[in-house]
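One structure is given below, encoded as C-alpha cells.
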Amino acid sequence: MDRNAKIFVAGHRGLVGSALVRKLELDGYKNLLLKNRAELDLLDFHKVHHFFEKEKPEYVLLAAAKVGGIFANNTLGADFIYENLTIQNNVVKSAHDTGVSKLLFLGSSCIYPRNCPQPMKEEYFLSGKPEPTNTPYAAAKIAGILMCQAFHKQYNDNFISVMPTNLYGPNDNFDLKTSHVFPALIRKFYEAKLNSEPTVTVWGTGAPKREFMHVDDLASACVFLMKSYDSPEIINIGTGVDVSIKDFAEMVKETVGYNGEIVWDTSKPDGTPQKLLDVSKINALGWNASIDLSTGIKKTYEWYTAKTR
Ligand code: GFB
C-alpha cells in the first residue's frame, strides 16, 4: 500500500477501527477516509454507494459492525443479523462497483462450530453449527466471508477475510449489559474496589476458555495482511494462548488490587466451552502477536481509569 493511497476505514470510532487508524497513522499513511455515523449511514445503500463513487477509495478496511458480548448477542439477535448483513452488503457491493483494489473484511472466531476441535484451524470453517447464543451474529459474519469469496471467484476482486479472536483494548464498550467479559471485569473490579464492595459477581461457571488479544496486535496483523496476503481463504488472527474465565477473573482482580470475593452467577450462560484459534498460518507468513495477557490487562486498566477519572 502506497503511503498516499486513499484508505477508507469503516467503523473508525470502534475498538477495531480506532486501532487500525492508530496503526496506519503510526506507519505514515496520510490519506485516511473517516466518516462517523452522522456523516455516513452504512445501513443506507444509496448513501454508501454515492460515497464510494465520489471518494473512490483505493483500499477498504471493513471494521464497522454491530458487536457485543454474550448477553447482547443472546437477546438482540435480530439487530445483530440485520445490521451486520446490511453494512457488509452495502460496503462490499459498493467496493466492487467502484473498483476498490483491496478490501479487508473483519470476521470473528464465532464463525467456527460450537464443538470445534481445538485449536481451530481455518479448514474447520462450515464444518458444524455455531454456538446458539451468537448464531445470528455468526451467520452474518459467515455470509460476509462467503460474499468476499464469491466476489473473488466471479470478478477476481481482491477481498480478504480475517478471523480475529476475542479482542480488547482502548475504546472498547464498558457497558455492563452489552460488553464482552474483558471490559466488564475491568469495570466491575475497579468499581467494587472504589466502593469497598465485599463481592464481585462474574457470569457463568468460570470454566469456559477464551483467547484474548489486544486490539493493537490485531491492527498490526491487518496492516501486515493488507501488504502481504491476497487469498480469498480465511486467515485466523490470535495469540495462540487461552485462559479460563476463572483464571482471567483472578488476573483482573489482582491487577486492580481488589480484596473481596468473586461470586459466580451460574444463571448466566457460559457460551462456547473453548475458542482457541490455530494461528500457525499467519505465524508462518511472519506475523506474531506481541502483547501478552497480563501486560494487556494492565494497559487496558490504566486506559480505563484515566478515562473515567
Ligand atoms: O466475552 P463474552 O461476553 O462473549 O463472554 P463470548 C465470555 C465468557 O465470559 C462467557 C463470561 O462464558 C460469559 O458468561 N462472563 C463472566 C461474562 N462475567 C461476564 C460479564 O460480566 N460480562 C460478560 N459479557 N461475560 C462473544 C460472542 O461470545 O464473543 C460474539 O457473543 C463474539 O458473537 C465475541 O464472537 C468475540 O466470547 O462468549
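The values are calculated or read from the model by the stated rules, or taken from the named source; none is laboratory data. Keep in mind that this is a model prediction, so the values were computed, not measured. When we count neighbours, we look across all protein chains shown, and the Cβ atoms used for this are built from the backbone with ideal geometry, even at glycine. SASA here: full protein model, heavy atoms, side chains in, ligands and nucleic acids out. Shrake-Rupley method; radii C 1.70, N 1.55, O 1.52, S 1.80 Å.
At-a-glance table
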item: Where the chain is the region considered: accessible area per residue in Å², 1.4 Å probe; result: 44 Å²
item: Amide hydrogen neighbours beyond the local backbone of residue 213, cut-off 5 Å, H modeled; result: 166, 167, 168
item: Amide H partners (placed H, <5 Å) of residue 121, local residues excluded; result: 278
item: Rounded to the nearest 20 debye, dipole of the stretch 56-131 from Cβ charges on Lys, Arg, Asp, Glu; result: 40 debye
item: For the stretch 37-139: rounded, prolate or oblate by the Cα gyration tensor [a/c cutoff 1.5]; result: oblate
item: Residue-by-residue Karplus 3J(HN,Hα) for the stretch 41-52, coefficients 6.51, -1.76, 1.60, Hz, glycine and proline x; result: 8, 5, 7, 9, 4, 5, 5, 5, 4, 4, 4, 5
item: Within the accessible area of the stretch 263-306 (1.4 Å probe), percent carbon and sulfur; result: 52 percent
item: The chain: calculated mean residue ellipticity at 222 nm from DSSP helix runs of at least 4, using -39500 (n - 2.57); result: -13500 deg cm²/dmol
item: Whole-Hz couplings from phi, Karplus 6.51/-1.76/1.60, listed for the stretch 251-261; x for Gly and Pro; result: 5, 5, 4, 5, 4, 6, x, 8, 9, x, 9
item: The chain shape via C-alpha gyration tensor axes, a/c threshold 1.5; result: prolate
item: For the stretch 217-223, Karplus couplings with θ = phi - 60° (6.51, -1.76, 1.60), whole Hz, Gly/Pro x; result: 5, 4, 4, 5, 5, 5, 5
item: Rounded to 5, the percent of DSSP beta bridges in the chain classed as antiparallel; result: 5 percent
item: Long-range HN-HN contacts of residue 66 with modeled amide H, under 5 Å; result: 84
item: Relative frequency of Cα-Cα separations exceeding 24 Å in the stretch 78-231, percent; result: 44 percent
item: Unit charges on C-beta of K, R, D, E only; dipole of the stretch 17-68, Debye; result: 120 debye
